[in-house]
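Participant: Here you go, one structure.
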Amino acid sequence: MRGASNQTSGDSAFARYLRSGRHVPDLPDDGAIELKFNPNHDPGDGRFTSGPGDGQAGPRAPESSGGRRTRRATRSDDGARLGILSERHETSGRGPGTVSTGRGDAGGVSYGSYQLATNTGDAAAFMASDAAKPWARDFKGLVPGTPAFTKRWKPVARRDAQAFGDAQHAYVQESHYAPVVRRAGRATSYDLDGASDAVRNVTWSIAVQHGQAANILADAVRQTDRTVARSDPRYEEALINNAYARRGEHVRHLWKRQLAAGKRDQASQSADILKNRYPQEHADALDMLRKERGR
C-alpha cells in the first residue's frame, strides 16, 4: 500500500502486486529501465538494470498462454539449458544467488540468474509467483531491494541452489519467454520455440532484456524472410544475424534518447552494451548454432 512518503517504488510495486495479483505501475518512458544486464559481466559493480520482456512497463505475472506452453523441453538432447546464453551474459553464470548493488541503476538492486530488478517490480512479481512459493516463509515480511531481503536471498540461494535456480528459470520462461514467442508467432507465423536451440536461446535473451522483445524478433523474422526461404538451411543463421542487428538498432535509439535527456551514465552503459556484450553474445549464438548442427 502507499503510505509514508519515504516508501520506495519497489515497496509500492510489491504491495500492489500482493494486493491485486497483478501490478503495473507504469514507469517513466525514458529508456532507463529497458536494459537489464551488466555489459561488463561484473555483477559487483551495480550496473544491472532491469525491464520486462514484452512491451509492458513493470513486471509481469506469468500470463495465460491460451493453453499453449512452450512445447520444447528446457534442455536440449545434449543437456544445454534454455536460457544459458542469457544467463552467461547477465551474470557470467554466477547463478541464482547473484545480487547487484543497484548503485547508479534505474532498476535498483537486481536478483538472481536473470537479474530480476526491484524498481520494475520484477523481483516482487517473482516472489509472489507460484514458482517462489517454497520460499514464502524465508522471505515473509521482506521487501525486494532492502538490505534484509538481500541478506536473506544469498543464503537461500546457497542452501537450495538447484531448486531456487530452477524456480527463477520457470518464472522467466512463463513471464517473459512464452509471451514473446506467442506474440512474435502471431505477427509472423514463425514458431521461435520450434526453432534450433540457438534461436531459442537468442529469443530468451531478447525476451528477458527488452520491453519491445516481440517487435524486435518479429522484425528480424520479416527481414530474414525477405532474403532467405524458411526452408533454406541458412535461414536460422540469417535470423540470428538480423535479430542482433535489430537489437543493436533498438539500443542505439535508446542511447540517443539518453544523451538527449542528459543521462550520460545510462548512455555510457548503452554504449558499452553495443561495444562489448552484443558482439560477444552474437558470436556465442552463432557458435551454438554451428555446434548444434554438428551433433
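Participant: If I go through segment 141-183 residue by residue, how many of them are within 16 Å of the chain's Cα centre (by Cα) and among the aliphatic types (A, V, I, L, M)?
Facilitator: Counting residues in segment 141-183 that are within 16 Å of the chain's Cα centre (by Cα) and among the aliphatic types (A, V, I, L, M) gives 6.
Participant: On the basis of being surrounded by 17 or more Cβ atoms within 10 Å (Cβ to Cβ), modelled with pLDDT of 95 or more and in contact with a helix residue (DSSP H, G or I) (Cβ under 6 Å, 6 or more places away or on another chain), does A267 make the cut?
Facilitator: no
Participant: Out of all the residues in segment 239-271, which are under 21 Å from V202 (Cα atoms) and charged (D, E, K, R)?
Facilitator: Answer for segment 239-271, where residues must be under 21 Å from V202 (Cα atoms) and charged (D, E, K, R): R246, R247, E249, R252.
Participant: Which of the following residues is touching an Asp or Glu at 6+ places or on another chain (Cβ under 6 Å), within 22 Å of I84 (Cβ to Cβ) and of a type in the set (S, T, Y): S205, S196?
Facilitator: Exactly one of S205, S196 is touching an Asp or Glu at 6+ places or on another chain (Cβ under 6 Å), within 22 Å of I84 (Cβ to Cβ) and of a type in the set (S, T, Y), namely S196.
Participant: Go through (1) surrounded by fewer than 23 Cβ atoms within 10 Å (Cβ to Cβ); (2) touching a residue at least 24 places away in the same chain (Cβ under 8 Å); (3) closer than 17 Å to I84 by Cβ one by one and return the number of the condition N276 breaks.
Facilitator: (3)
Participant: Would you check if there is a residue in segment 226-240 being modelled with pLDDT of 95 or more, in contact with a His (Cβ under 9 Å, 6 or more places away or on another chain) and under 20 Å from G211 (Cα atoms)?
Facilitator: Yes: segment 226-240 contains one or more residues that are modelled with pLDDT of 95 or more, in contact with a His (Cβ under 9 Å, 6 or more places away or on another chain) and under 20 Å from G211 (Cα atoms).
Participant: Of all residues in segment 110-132, which are in a loop (DSSP other than H, G, I, E, B), in contact with a Pro (Cβ under 7 Å, 6 or more places away or on another chain) and at negative phi?
Facilitator: Those that are in a loop (DSSP other than H, G, I, E, B), in contact with a Pro (Cβ under 7 Å, 6 or more places away or on another chain) and at negative phi: S113, T118, T120, S129.
The values are calculated or read from the model by the stated rules, or taken from the named source; none is laboratory data. Just so it is clear, the structure is predicted and the values come from calculations on it, not from any experiment. So basically every Cβ, Gly included, is an ideal-geometry build from the backbone, and we count neighbours across all protein chains shown.
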